[in-house]
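Just below is one structure, and these are the notes that go with it.
The values are calculated or read from the model by the stated rules, or taken from the named source; none is laboratory data. Only a predicted model underlies this, so the values are computations on that prediction, with no experimental measurement involved. Neighbour counts run over all protein chains shown; Cβ positions are idealised from the backbone, glycine included. Each accessible area value is taken on the protein alone, full model and side chains, heavy atoms only, with ligands, DNA and RNA left out. Shrake-Rupley method; radii C 1.70, N 1.55, O 1.52, S 1.80 Å.
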Amino acid sequence: MIERGQYLVKIAGCNDCHTAGYLVAEGDIPVSDWLKGDIMGWRGPWGTTYGANLRIYMQSLSEAQWVADARTLVRRPPMAWFNLNAMNEDDLKAIYHFVRSLGDPGEPAPSALAPGVEPPPPFATFP
Ligand code: HEC
């Protein structure tokens with residue numbers, strides 16, 4: 001189940017935004033550093049958002065809570081919450097067990113900033 005969760009996280013692209021440096025390193029980031037969140041901001045009409053630290057996020061949830069949460073959560077761009085909502089229960093459970101198997105959760109990602117607030121670099125701007 002843990003192996004399947006790792007595979008799903010990789011192919012569903014969760015690392016692209018939830019693992020620091022992942023895209024620029026072309027995915028060459030050790031699993032031990034995956035999903036600790038990122039300080040890279042995504043700025044647009046919604047303000048500036050940050051890929052959350054998913055290790056910390058899942059620590060406070062039971063498996064059943066995560067499944068229910070992932071099915072209904074709505075977040076700001078560029079989080080494709082509507083895709084996560086559509087994931088089947090077995091896949092969500094596998095992701096949960098993989099994320100929970102990762103070690104030291106590290107630090108939380110920065111809090112989102114309101115629209116119009118100038119974020120510190122690095123950030124990407126959406127028109
Ligand atoms: C294109 C970038 C991107 C990708 C890909 C992405 N996320 Fe996100 N995700 C974000 C951002 C940014 C936020 C914060 C949104 C906000 O603050 O409203 C977020 C928020 C979340 C949250 C809520 C965290 C919280 O503290 O509320 C969860 C859970 C989550 N993502 C899970 C996933 C999973 C699982 C995947 C892979 C299937 C994934 N994300 C893929 C960017 C992304």
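Using modelled amide H (1.01 Å from N, peptide plane; none on Pro or chain starts), what sits under 5 Å from the amide H of Phe123, excluding residues fewer than 5 places away?
Under 5 Å from the amide H of Phe123 lie the amide H atoms of Gly41, each far enough along the sequence or on another chain.
Considering only DSSP beta bridges with both partners in the chain, what is the antiparallel share in %, to the nearest 5?
55 percent
Two decimals is fine: what's Rg over Rh for the chain, C-alpha atoms, Kirkwood radius as Rh?
0.96
With every protein chain present, what is the per residue accessible area of the chain (1.4 Å probe, Å²)?
56 Å²
Nearest 20 debye, what's the magnitude of the dipole of the chain about its Cα centre given +1 on Lys and Arg Cβ and -1 on Asp and Glu Cβ?
Here the size comes out at about 300 debye.
For every helix of n ≥ 4 consecutive DSSP H residues, a contribution of -39,500 (n - 2.57) applies; sum these over the chain, divide by its total residues, and give [θ] at 222 nm rounded to the nearest 500 deg cm²/dmol.
Counting only the DSSP helices, I get -10500 deg cm²/dmol.
Over the Cα atoms of the range 1-62, each weighted equally, I'd like the Debye log10 I(q)/I(0) at q = 0.19, 0.20 Å⁻¹, rounded to two decimals.
-0.74, -0.81
Name the most mobile residue of Glu107, Glu26, Glu89, meaning the one with the largest mean-square fluctuation, in a Gaussian network model of the chain with Cα contacts below 10 Å.
Evaluated over the chain, the most mobile residue of the options is Glu26.
How much of the accessible area of the chain, probe 1.4 Å, is carbon plus sulfur, in whole percent?
Carbon with sulfur: 59 percent of the solvent-accessible area.
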